[in-house]
1. Give ASP86, ASP68 a once-over and let me know the one that is among the charged types (D, E, K, R), in contact (Cβ under 8 Å) with a residue 40 or more places away in the chain and over 23 Å from ARG118 (Cα atoms).
2. Would you confirm whether or not segment 163-171 contains a residue that is among the charged types (D, E, K, R) and at pLDDT 90 or above?
3. Can you give me the number of residues within segment 58-99 that are aliphatic (A, V, I, L, M), closer than 20 Å to PRO188 by Cβ and surrounded by 21 or more Cβ atoms within 10 Å (Cβ to Cβ)?
4. Does VAL54 qualify as being surrounded by 10 or more Cβ atoms within 10 Å (Cβ to Cβ), assigned to a helix (DSSP H, G or I), at pLDDT below 90 and of a type outside the set (Gly, Ala, Ser)?
5. Could you please find all residues in segment 138-152 being touching a strand residue (DSSP E or B) at 6+ places or on another chain (Cβ under 7 Å) and farther than 12 Å from ASP68 by Cα?
6. With the checklist (1) more than 17 Å from the chain's Cα centre (by Cα); (2) at pLDDT 95 or above; (3) surrounded by 13 or more Cβ atoms within 10 Å (Cβ to Cβ) in hand, flag the one item MET148 doesn't pass.
7. Any idea which of GLY62, GLY76 is under 16 Å from TYR132 (Cα atoms), of a type outside the set (A, V, I, L, M), at pLDDT 95 or above and part of a helix (DSSP H, G or I)?
8. Would you say ASP86 is of a type in the set (D, E, K, R), modelled with pLDDT of 80 or more and under 23 Å from ASN155 (Cβ atoms)?
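The values are calculated or read from the model by the stated rules, or taken from the named source; none is laboratory data. Given the structure is predicted, the values throughout are model-derived calculations rather than measurements. We place every Cβ from the backbone using ideal geometry, glycine too, and count neighbours over all the protein chains shown.
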Amino acid sequence: MVTPAAAPAGGRKPIKKEKASPTVYISTGKIVGLVTLGLLLTLGLMFYFGPVRVWHQWEDVGPKAHDDVSDVITFGLQAYLSQQGDFDPTDSHGAPSVDGNVSFFRPTLVMSMPEKVRFFGKSSQGDFTGYYHPSNGEIEADVSYGGMTFAGAVNLAKSTGQFHMTGRMANGFPQAEVNGTPIKVVWPKKDDSGTNP
């Protein structure tokens, strides 16, 4: 005769163990690798769409910026000095002008083109430094005069003065203001004989 199994103490029925469902296991090394890859990809994209993009933008803007600054500073010097009586535009020999290259602190490791880019250089009269605004081509500069330079590299005589100017190229021609007042090249008046006095 078969006797039934005794009920567990306490009158509770035995608990059936459920089969464990399969779990996905990813090693710590793989997780670290995926996170690192994601970070590198993100940083690479940020670098490409930030500093690399700005670098290429400046490659397009830079030559125009150089020419504009050179032309506007030259015009500013000639106009300002002609108004002071220190430059005769009818005598082209020794006319004040930018001498050598204009150097820019080009945008580097920035996410977008800055509002203004610093530049510096030499004219035949001395040093100048200022800012170029890539968005609209505006130029602001402190320009020394009254000195003498050689080959845009060496100061032979120290400058005697300085003025602050703003300017731009408009329809292919330079415009400038000194301390907010527009300036222009002043030509000597001719006497009745048609010659300069």
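1. ASP86
2. yes
3. Qualifying residue count for the region: 3.
4. Here the answer is yes, as VAL54 does meet what is asked.
5. Filtering segment 138-152 down to residues touching a strand residue (DSSP E or B) at 6+ places or on another chain (Cβ under 7 Å) leaves 138-150, 152.
If the condition is that a residue be touching a strand residue (DSSP E or B) at 6+ places or on another chain (Cβ under 7 Å) and farther than 12 Å from ASP68 by Cα, then ALA141, ASP142, VAL143, SER144, TYR145, GLY146, GLY147, MET148, THR149, PHE150, GLY152 are the ones that fit.
6. (2)
7. Result: GLY76 is the single residue among GLY62, GLY76 that is under 16 Å from TYR132 (Cα atoms), of a type outside the set (A, V, I, L, M), at pLDDT 95 or above and part of a helix (DSSP H, G or I).
8. yes
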